[in-house]
Amino acid sequence: MTSRFPAAGALRAALLSSAALAGLSSAGAQAQTVHSLPTISVIASPEEMSTPLSGAGLGEAGLATRRLTTGDAAALLRGLPGVSLYGNGGVSSLPALNGLGADRVNVLVDGASIAPACPNQMNPAMSTIAPTRVSKVEVLAGITPVSAGGDSIAGTITVDSAPPVFAAPGEGVHAEGKLSAFYRSNGRSVTGAAEASVADDTFSLGNNGSWSRAENYKDGNGRTVRSTLYNVQDNVLTFGARRDGHLVTLQGGMQYMPYQGFPTQRMDLTHNRTLFANGRYEGNFDWGTLDARANWRRTEHTMNFLADKGGTANGGMPMDTLTTDAGYSVKATVPLSARDTVRVGNEFRHTRLDDWWDAVPGSRMMGPQTYWNINGGDRKRLGTFVEWEAIWSPAWTTLLGVRNDVVWMDTGTVQPYSWQNPIGMGMMAMANPDAADAQAFNARDRARTDVNFDATALVRYTASDTTEIEAGYARKTRSPNLYERYAWGTGAMSSSMNGWFGDANGYVGNPDLKPEVANTVSVTAALHDPARKAWEVKVTPYYTYVQNFIDVDRIGTLSNGFVKLRFANHDAVLFGANVSAAATVYEDERLGAFRLSGMVGWVHGRNLDTGDGLYHMMPVNALLTLEHRLGGWSSAVELQATARKERVESVRNEPETPSYALVNLRTGYAWNNIRFDVGVENLFDQHYYQPLGGVDYADYRAGGSRGRVGALPGMGRSFIAGMTVKF
């Protein structure tokens with residue numbers, strides 16, 4: 001970057017020389033050693049404090065072996081400090097950071113914030129990008145700089161596809177491509193992907209396509225887990241142009257899901273089509289850099305029953321959603337001096353959502369009218385931030401930032417299946433609370449405006465070339481989503497169609513919800529050898545107090561022990577710690593390099609008003625990995641262990657789950673432009689239950705809905721194989 005302070009870049013580099021190896025650049029440094037493992041360190045000392053010490057990342061080397069095991073982009077994050085996953089569909093897991101998940105996490109896919117187009121969040125942001133298209137991931141849990149986004153309290157996950165490919169100067173026309181194929185035996189899952197680019201040194205054109213599908217998987221006892229199948233297709237066209245330090249990238253694509261089962265939900269995905277367009281400009285100027293993005297997305301989504309839940313022979317119960325997302329973001333980075341750097345930015349997001357349920361012919365309860373769950377739901381957000389980073393000395397660096405987000409929300413009048421209450425006459429009459437609910441909802445003022453303020457303060461002390469300490473405070477705010485405020489029906493059927501929590505309970509919105517405000521303090525201590533190659537350890541304890549935490553109150557019961565819940569503000573507290581470490585335990589030219597790495601996470605959450613546990617808190621969990629590399633060979637053995645989940649949220653009837661341990665193996669060989677991979681997930685075919693997997697509603701329903709629903713079993717042993725060819 002050209003600066004009006006010619007010595008600024010050099011002086012900043014000198015001041016940061018003791019922390020020069022940062023985040024995603026660690027892979028490049030490790031490549032200088034013949035046998036060093038191509039893994040991405042999760043223990044980063046970022047060159048800029050806009051990436052805190054507690055942040056973690058994955059580059060191409062770290063993603064390569066992870067793509068082999070999953071068709072779900074969110075699952076690529078497993079094993080990163082602070083990350084856990086809410087169970088959902090096979091390609092639609094919901095990531096959580098330090099115990100806070102779903103909408104509380106700011107997920108940016110190629111710079112775009114994507115609102116789910118479904119009352120069950122069957123198409124969350126990370127489901128919109130195929131794992132084979134992900135080239136870089138950054139996770140900021142807890143303390144998050146204001147420049148990383150607003151309207152979230154958990155942190156930010158940034159997922160980027162590969163930038164355009166250009167020819168080297170003097171090369172002429174450059175062409176390259178890649179073909180990949182993966183197979184996973186459990187569920188007979190297959191993935192195929194192809195990409196190709198042609199470019200000169202100024203213009204680039206590329207295409208990336210993939211297809212992934214799976215049948216229902218089997219658990220460790222060999223029993224088929226219903227509604228775990230999926231089918232998804234992606235195709236993206238990328239154009240790039242660059243000149244004199246300026247780069248323009250344009251993307252357009254489509255994703256199509258003909259079906260995806262949801263074992264924890266009452267419905268399944270039976271149609272999902274998304275069209276999108278992204279644009280980005282990156283420019284270097286004498287005053288600094290400018291990064292501007294714009295994006296647009298339109299999603300058509302339908303829920304109904306797949307065969308495991310009865311199918312659609314008689315039309316089923318179709319429920320449609322149409323969502324349009326659009327927005328822009330602009331960020332400027334300005335080095336004011338060798339010491340000071342300022343970042344300023346502005347962004348705007350607009351979501352328009354319609355959610356309607358067509359009448360079911362012949363049904364007394366679901367007709368004769370179309371049910372409008374949300375009619376013209378509208379959510380706009382305008383955000384502005386300023387951030388100041390100062391390097392006071394080689395040892396001390398600070399980051400201060402403030403942010404304002406204004407959120408405007410509104411929705412139109414709604415309509416139940418029938419205005420008649422009760423429905424029918426005499427002994428056959430049935431109560432219809434939705435009629436009165438709709439009248440009350442339509443009569444009230446539904447427009448809401450939230451004026452939110454965020455602030456972040458970080459200080460980093462570099463005691464030596466082996467020790468860094470970072471402490472910080474963040475105030476983060478999130479306004480409710482459209483369903484939390486505007487899902488209005490309290491009827492048994494209408495309420496049970498809303499909810500992304502995997503518990504098969506019914507959920508009702510609350511227009512009077514206040515925004516959540518999280519106050520987080522944390523400290524990160526990072527120890528490492530001077531070159532950051534032999535060993536590293538990082539410890540991050542944190543504490544978060546959330547005012548107006550959006551939890552639930554029980555307002556009734558449904559059949560078979562399920563309950564009816566209304567979103568409500570409460571105060572809550574979460575605290576825990578993330579510990580990660582890695583070390584090269586042996587290395588020579590004959591036997592290669594052996595590296596041991598591990599991660600331990602723990603979080604505790606409590607509703608301060610009720611004393612109940614917070615929902616979906618991950619119990620103590622650990623991942624231990626021994627990696628080996630020799631020439632073109634790379635192999636790993638993983639031990640994944642999770643403690644018993646005893647602390648649950650009783651108001652939702654959250655199930656407890658026993659402890660378990662899994663062993664995974666993988667090995668791969670790269671020869672010229674070809675790479676082969678094989679492995680085994682859950683080597684000993686362990687039967688276990690996912691702590692955040694939700695309930696096994698699909699099997700419960702198929703078994704006649706008797707007794708009490710149990711937790712969702714995890715996948716049994718799966719043999720995996722893959723091949724990638726570059727040309």
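The values are calculated or read from the model by the stated rules, or taken from the named source; none is laboratory data. The model shown is predicted, which means the values in this text are computed figures rather than measured ones. Virtual Cβ from ideal backbone geometry, glycine too; neighbours counted across all protein chains shown. Note: accessible area is taken over every heavy atom of the protein model, side chains too, but ligands, DNA and RNA are not part of it. Shrake-Rupley method; radii C 1.70, N 1.55, O 1.52, S 1.80 Å.
A few comments on the model shown:
- Pick from the stretch 659-673, criterion modelled with pLDDT under 95 and outside any strand (DSSP E or B), ranking: surrounded by the fewest Cβ atoms within 10 Å (Cβ to Cβ): 672
- Test: residue 636 is closer than 26 Å to residue 690 by Cβ, of a type in the set (A, V, I, L, M) and touching a His at 6+ places or on another chain (Cβ under 8 Å): yes
- Positions within the stretch 532-587 being open to solvent by less than 40 Å² (accessible area, probe 1.4 Å) and of a type in the set (Ser, Thr, Tyr), in sequence order: 540, 542, 544, 580
- Test: residue in the stretch 153-166 that is out of contact with any Ser or Thr (no Cβ under 8 Å at 6 or more places or on another chain), assigned to a loop (DSSP other than H, G, I, E, B) and surrounded by 19 or more Cβ atoms within 10 Å (Cβ to Cβ): yes
- Test result for residue 228, touching a residue at least 60 places away in the same chain (Cβ under 8 Å), within 17 Å of residue 277 (Cα to Cα) and polar (S, T, N, Q): no
- Any hit, the stretch 514-523, residues being in contact (Cβ under 8 Å) with a residue 24 or more places away in the chain, open to solvent by 40 Å² or more (accessible area, probe 1.4 Å) and over 23 Å from the mean Cα position of the chain (by Cα): yes
- Single residue of the stretch 283-305 satisfying the filter (open to solvent by less than 60 Å² (accessible area, probe 1.4 Å) and among the charged types (D, E, K, R)) that is farthest from the chain's Cα centre (by Cα): 291
- The residues on offer are 188, 184, and the sole one that is surrounded by 17 or more Cβ atoms within 10 Å (Cβ to Cβ) and of a type in the set (Lys, Arg) is 184.
- Residue in the stretch 704-725 that is in contact (Cβ under 8 Å) with a residue 12 or more places away in the chain, open to solvent by less than 70 Å² (accessible area, probe 1.4 Å), more than 26 Å from the chain's Cα centre (by Cα) and closer than 30 Å to residue 563 by Cα present: yes
- Matching residues in the stretch 687-727 - criterion: being more than 21 Å from residue 617 (Cα to Cα), small (Gly, Ala, Ser) and at pLDDT 95 or above: 716, 718, 721, 722
- Residues being outside any loop (DSSP other than H, G, I, E, B), more than 30 Å from residue 305 (Cα to Cα) and open to solvent by 60 Å² or more (accessible area, probe 1.4 Å) - total across the stretch 234-255: 5
- Every residue from the stretch 639-658 that is over 25 Å from the mean Cα position of the chain (by Cα) and either under 16 Å from residue 63 (Cα atoms) or open to solvent by 50 Å² or more (accessible area, probe 1.4 Å) (or both): 646, 650, 658
- Residue in the stretch 677-685 that is free of Cβ contacts under 8 Å to residues at least 60 places away in the same chain and in a strand (DSSP E or B) present: yes
- Reported count of residues in the stretch 115-148, each being outside any helix (DSSP H, G or I) and closer than 25 Å to residue 62 by Cα, is 15.
- Exactly one residue among 134, 139 is over 23 Å from residue 479 (Cα atoms) and open to solvent by less than 20 Å² (accessible area, probe 1.4 Å), and that residue is 134.
- Within the stretch 449-469, the set of residues being surrounded by fewer than 16 Cβ atoms within 10 Å (Cβ to Cβ) and touching a Ser or Thr at 6+ places or on another chain (Cβ under 6 Å) comprises 465 only.
- Any chance residue 367 is open to solvent by less than 30 Å² (accessible area, probe 1.4 Å), within 30 Å of residue 318 (Cβ to Cβ) and outside any strand (DSSP E or B): yes
- Against the test of being at pLDDT 95 or above and surrounded by 22 or more Cβ atoms within 10 Å (Cβ to Cβ), the options 229, 205 yield a single qualifying residue, 229.
- Scan of the stretch 200-225 for residues that are free of Cβ contacts under 8 Å to residues at least 40 places away in the same chain, of a type in the set (S, T, N, Q) and closer than 19 Å to residue 276 by Cα, ordered by number: 207
- Looking at the stretch 516-613, the strands (runs of 3 or more DSSP E) lying wholly inside it that each contain 1 or more residues that are touching a His at 6+ places or on another chain (Cβ under 9 Å) sit at 535-557, 563-588, 592-607.
- Close pairs (8 angstrom Cβ cut-off, 6 or more residues apart or separate chains): in contact (Cβ under 8 Å) with a residue 40 or more places away in the chain in the stretch 142-153, assigned to a loop (DSSP other than H, G, I, E, B) and of a type in the set (A, V, I, L, M, F, W, C) anywhere: 142/154; 145/49
- The stretch 142-152, residues that are open to solvent by less than 10 Å² (accessible area, probe 1.4 Å) and on the phi < 0 side of the Ramachandran plot: 143, 144, 145, 146, 150, 152
- The set of residues in the stretch 588-638 being in contact (Cβ under 8 Å) with a residue 60 or more places away in the chain and open to solvent by 70 Å² or more (accessible area, probe 1.4 Å) consists of 589 alone.
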